[in-house]
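Since the structure comes first, as structure tokens, the remarks are kept for the end.
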Amino acid sequence: MKEILAKILNHEELTREETKNILVGITKSAYPTEQVTALITGLQMRGITVDELLGFRDGILETGVPVPLQCDRYIDVVGTGGDRKNTFNISTTSCFVIAGAGYKVAKHGNYAATSTSGASNVIANHGVKFTDNIDRLNRSLNECGIVYLHAQLFARAMKFVGPIRKALPFPTFFNLLGPIVNPSQPQCQLLGVANLDQMRLYNNVYQRIGIDYGIVNTIDGYDEISLTGDFKVTTNHYEKIFSPTDLGFERAKPEELVAGATEEEAKQIFDSVLENRCLPAQKNIVLANAAFGIQVLERGQKSIEECIDIARTSIDSGAALRTFKKFVEINS
């Protein structure tokens with residue numbers, strides 16, 4: 001580790017193999033806490049490279065619990081978090097809309113870090129019990145089209161750096177790892193990022209991993225399509241800036257996206273979207289995010305207008321709600 005730290009101080013880049021080995025070493029308590037803290041701080045100050053991030057990803061997946069799902073093609077919809085906008089559970093709601101439309105989803109998530117309610121909060125508040133039982137996870141995917149993977153059950157390495165991350169007064173590169181360490185390693189992903197620097201980073205990461213992807217960022221700082229302003233989308237097939245009106249939606253107001261002050265309020269918003277009794281802006285935001293996820297699944301072969309119609313039918317027909325109720329039944 002002293003040699004590694006000397007490299008970082010000398011502004012040298014680490015190889016993918018080096019960072020993978022570091023991560024594995026951390027899980028074996030091979031380094032003093034002070035050295036790991038110095039490593040995390042040094043990389044944060046210098047900025048992490050694509051190879052370094054991929055190496056840490058390799059280490060987390062190697063030391064974690066794999067999830068072999070009995071499905072050839074499914075998607076995860078996730079945000080990096082940290083935009084401090086306290087939005088309702090847009091990605092999670094979108095996942096159930098996508099599943100309700102007949103596609104397969106493996107949602108990877110955790111408890112909230114900076115908002116009222118993370119994916120695991122809203123799922124648990126409906127009585128769902130998290131599990132790493134592969135048979136049960138596959139049953140959920142096969143019977144209702146969606147499975148939920150609670151991150152803490154699978155990424156065992158994270159507990160070794162948890163106290164350090166909590167003690168540091170700034171976000172670290174471990175925040176960037178969350179979206180790319182889904183233990184089922186999905187072939188498709190829609191990722192929301194908080195800024196364009198992250199979009200460029202993940203664009204390179206996904207190209208190296210070799211999956212179908214969409215990366216979205218709303219220009220005013222949301223790590224999802226918020227419809228509060230113009231937003232950028234980068235996929236395997238195109239890179240484009242959209243305005244809400246391009247999709248036939250009105251511009252949303254920031255206060256229409258807020259999760260509320262409590263987990264119960266966030267749960268009520270989540271329920272109201274699936275039950276099709278929410279604010280028009282809340283429904284439109286979920287439709288937009290679900291539609292770009294569907295487009296990724298369709299390998300870009302469907303127009304975004306077609307994908308919006310598919311998502312809208314999922315909500316309006318009650319299919320999204322039925323999917324969620326079946327999911328709760330299987331997983332409680």
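Under a 5 Å amide H cut-off, with hydrogens placed 1.01 Å from N, residue 173 pairs with nothing among residues at least 5 apart or on other chains.
Taking amide H positions as modeled 1.01 Å from N, with prolines and chain starts lacking one, the residues under 5 Å from residue 105 and 5 or more places away or on another chain are 75, 146, 147.
Kindly express, to the nearest 10 degrees and within the range 0 to 90, the angle between helix 134-144's C-alpha long axis and the longest C-alpha principal axis of the chain. Result, in degrees: 30. Restricting the calculation to Cα atoms, region 134-216 shows an Rg/Rh of 1.01 when the hydrodynamic-style radius is the Kirkwood one.
Could you state the orientation-averaged shadow area of the convex hull built on the Cα atoms of region 30-87, in nm² to one decimal?
Numbers: hull surface 27.7 nm².
Result: a mean projected hull area of 6.9 nm².
Rg then Dmax, both in Å and based on the Cα atoms of region 67-142: 13.0, 37.
Give me the Å³ per residue figure for the convex hull around the C-alpha atoms of the chain.
Values: hull volume 40.1 nm³, N = 332.
Output value, Cα hull per residue: 121 Å³.
What the phi angles of region 290-296 give under the Karplus curve with 6.51, -1.76 and 1.60, with θ = phi - 60°, is a coupling list of 5, 5, 5, x, 4, 4, 5 Hz, glycine and proline written as x. When Rg and the Kirkwood radius Rh are both evaluated on Cα atoms of region 168-322, their ratio Rg/Rh stands at 0.96.
Rg of the Cα atoms in region 232-275, relative to 2.2 N^0.38 Å, amounts to 1.60.
When you restrict to C-alpha pairs under 8 Å that are six or more residues apart and normalise by the size of the chain, the relative contact order lands at 22 percent. Once backbone amide H atoms are built at 1.01 Å from N, residue 213 has 189, 236 as its partners under 5 Å, excluding neighbours fewer than 5 places away on the same chain.
For region 34-48, the Karplus equation 6.51 cos²θ - 1.76 cosθ + 1.60, evaluated at θ = phi - 60°, returns couplings of 4, 6, 5, 4, 5, 4, 4, 5, x, 5, 5, 5, 7, x, 7 Hz by residue, with Gly and Pro reported as x.
Working note: Karplus 6.51/-1.76/1.60 with θ = phi - 60° gives region 255-262 the couplings 5, 7, 9, 5, 6, x, 8, 9 Hz, where Gly and Pro are set to x. Surface calculation, 1.4 Å probe, protein heavy atoms: residue 135 sits at approximately 120 Å² accessible.
Dividing the mean sequence gap of close Cα pairs (under 8 Å, 6+ apart) by how many residues region 62-174 holds gives a relative contact order of 30 percent. Volume per residue of the convex hull around the Cα atoms, evaluated for region 217-303, comes out as 106 Å³.
The values are calculated or read from the model by the stated rules, or taken from the named source; none is laboratory data. If you're wondering where the values come from, they're calculated on a predicted model, not measured in any experiment. Surface accessibility is based on the protein's heavy atoms, side chains included, excluding ligands, DNA and RNA. Shrake-Rupley method; radii C 1.70, N 1.55, O 1.52, S 1.80 Å.
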